[in-house]
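A short worksheet on the structure shown next.
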Amino acid sequence: MAPPTVADLTSPSSWTMVEDKFSPYAKETLTKLIAFMHEEVLPAMKLAHAQLPTDPEKRWKTVIPIIEQLKVKARKLGLWNLFLSKAHYPEHGVPLTNLEYAVMAEILGRGGHFAPQVVNCSAPDTGNMEVLARYGNPEQQKKWLLPLLNGEIRSSFAMTERFVASSDATNIRTSIRQEGNEIVINGHKWRVIGASWISGAGDPRTKVHLVMGKSDPNNTSTYSQQSVVIVPADAPGVKVVRPMQVLGYDDAPEGHCEVIYDNVRVPLGNLVWDWGKGFEIIQGRLGPGRIHHCMRSIGAAQAALDLMIQRVTDPSRKTFGKYLYEHGSVIADIAKCRAEIESSRLLVLSAANQIDKVRAKGALKEIGIAKFVVPSMACRVVDTAMQAFGAEGLSQDQPLAQVFAGLRTLRLADGPDAVHVHQIGRRELKRASQLHKTTAEIKKKETALLEEHGLKAHL
């Protein structure tokens, strides 16, 4: 049986809308990705889970064999580092736009955490690679970026902290100070990604942390107090305290960890870009990262809806002589899920297109809206699908519960919903002055036109 088409997996109308924006290379890559997902990745997902030991010690020391095997195949097919656009990163990127990658990321989102790893497009490595590609010096790029681009190592990003309200990043307390030709780091982080709590820190392949802390706490500008430093994972003083769980899932082997940096010393050359540039670096990192999460979330929601449709049309699951879809509001629920996925996809495609035109900094509105709309939408769709599956939908026999846990995390990761909602609301309020001015001009012309016809304006 032939693999499905992009229109089958996404939407015929949305594909028609963006197809002419795809280069021949992008179309060829997308076709190869869909076939690779259909023939190799999705059939291997259960094996990948089976190859991860349940033993609490061994699972954090395991490199899943099938993932490494599929990485080799993916790279040979040219399905590698698809997120890194050559337009923004000429030396290291691939000839894909963010819009083109958006559709590919939706396809990858059907494969949970597993599929993006296979094509080296997995967080937090994607954001860290972008940081090093944009802000890293040649030595940093040679030592850390190239192995990440080659999929030889993994990384973590350490920003949020346990004992402060980290949704306001100016609150972070980790100290980064220069002593001679060294930088000394002291801090207590969690959500160290790859280690969110420190994401990625638990993975045996994780060799480097990007750590954000305060290097100039007395600077009058609260947004110039922070810097970002490269810390080798095996540097003396780096202590992984514990892996954190998300609704009971540990996401091993990469996981999300609590990490202490206790008098960690690194060379002065490990400073990324310059002192006081931490906020600018993380905004450059988080913008594309937020939209990548949204792209994959749509794929996860679509996969959940597909499972639900199969469940409610399964003749072996009839109750009281009827298919499940013939009961209650199931048909209406399916329709609402479809509508929400379609509208969210348009939001993400719009944001990706805007990033291509004006970079992430010029697309903050579109990224912000997508960030608080899409994960919530996906959570609702997965929750609806779980309801159709009954108790099985909450169990390990279906992927829905773990998918829901990951999606629920995204309503907090890279900034909680409330922060993005507030930012978008304030941005909208800035239009008030111009709206009042425009309305007054129209009102003036309206009054003159009424008087010209012998009529009197009442308001």
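The values are calculated or read from the model by the stated rules, or taken from the named source; none is laboratory data. The structure displayed is predicted, hence computed values, not measured ones. We place every Cβ from the backbone using ideal geometry, glycine too, and count neighbours over all the protein chains shown. Note: accessible area is taken over every heavy atom of the protein model, side chains too, but ligands, DNA and RNA are not part of it. Shrake-Rupley method; radii C 1.70, N 1.55, O 1.52, S 1.80 Å.
Residues of the stretch 309-339 being in a helix (DSSP H, G or I) and of a type outside the set (A, V, I, L, M), which ones? The answer is 310, 311, 315, 316, 317, 325, 326, 333, 336, 337, 338.
Taken as a whole, the stretch 342-364 holds at least one residue that is in contact with a Gly (Cβ under 9 Å, 6 or more places away or on another chain), open to solvent by 50 Å² or more (accessible area, probe 1.4 Å) and charged (D, E, K, R).
To keep it simple, each residue is scored yes or no on (1) buried (at least 23 other Cβ atoms within 10 Å of the Cβ); (2) farther than 21 Å from residue 190 by Cβ; (3) at pLDDT 95 or above.
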residue: 380; (1), (2), (3): no, yes, yes
residue: 392; (1), (2), (3): no, yes, yes
residue: 397; (1), (2), (3): no, yes, yes
residue: 400; (1), (2), (3): yes, yes, yes
residue: 403; (1), (2), (3): yes, yes, yes
residue: 408; (1), (2), (3): no, no, yes
residue: 425; (1), (2), (3): no, yes, yes
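Going by what's in this entry, would residue 52 be described as part of a helix (DSSP H, G or I), touching a helix residue (DSSP H, G or I) at 6+ places or on another chain (Cβ under 8 Å), under 27 Å from residue 400 (Cβ atoms) and modelled with pLDDT of 95 or more? Taking the combined requirement at face value, the residue does not satisfy it. Checked against (1) open to solvent by less than 10 Å² (accessible area, probe 1.4 Å); (2) in a loop (DSSP other than H, G, I, E, B), residue 41 passes all but condition (2).
The combined condition, being assigned to a helix (DSSP H, G or I), in the same structural domain as residue 289 (by the TED database) and over 17 Å from residue 297 (Cα atoms), is fulfilled by residue 393.
Could you say which residue among 260, 298, 282 is among the β-branched types (Val, Ile, Thr) and either open to solvent by 10 Å² or more (accessible area, probe 1.4 Å) or touching a Phe, Trp or Tyr at 6+ places or on another chain (Cβ under 6 Å) (or both)? Break it down stepwise before answering.
Working: 298 fails: either open to solvent by 10 Å² or more (accessible area, probe 1.4 Å) or touching a Phe, Trp or Tyr at 6+ places or on another chain (Cβ under 6 Å) (or both); 282 fails: either open to solvent by 10 Å² or more (accessible area, probe 1.4 Å) or touching a Phe, Trp or Tyr at 6+ places or on another chain (Cβ under 6 Å) (or both).
Going through 260, 298, 282 in turn, just one is among the β-branched types (Val, Ile, Thr) and either open to solvent by 10 Å² or more (accessible area, probe 1.4 Å) or touching a Phe, Trp or Tyr at 6+ places or on another chain (Cβ under 6 Å) (or both): 260.
The number of residues in the stretch 404-459 that are outside any helix (DSSP H, G or I) and among the aromatic types (Phe, Trp, Tyr) comes to 0.
The condition (being in contact with a strand residue (DSSP E or B) (Cβ under 7 Å, 6 or more places away or on another chain) and modelled with pLDDT under 95) is satisfied by just one residue among 177, 162, 173: 162.
Tell me the residue from 255, 289 that is among the small types (Gly, Ala, Ser), modelled with pLDDT under 95 and under 30 Å from residue 217 (Cα atoms), please.
Values: 255 fails: under 30 Å from residue 217 (Cα atoms).
Result: 289 is the single residue among 255, 289 that is among the small types (Gly, Ala, Ser), modelled with pLDDT under 95 and under 30 Å from residue 217 (Cα atoms).
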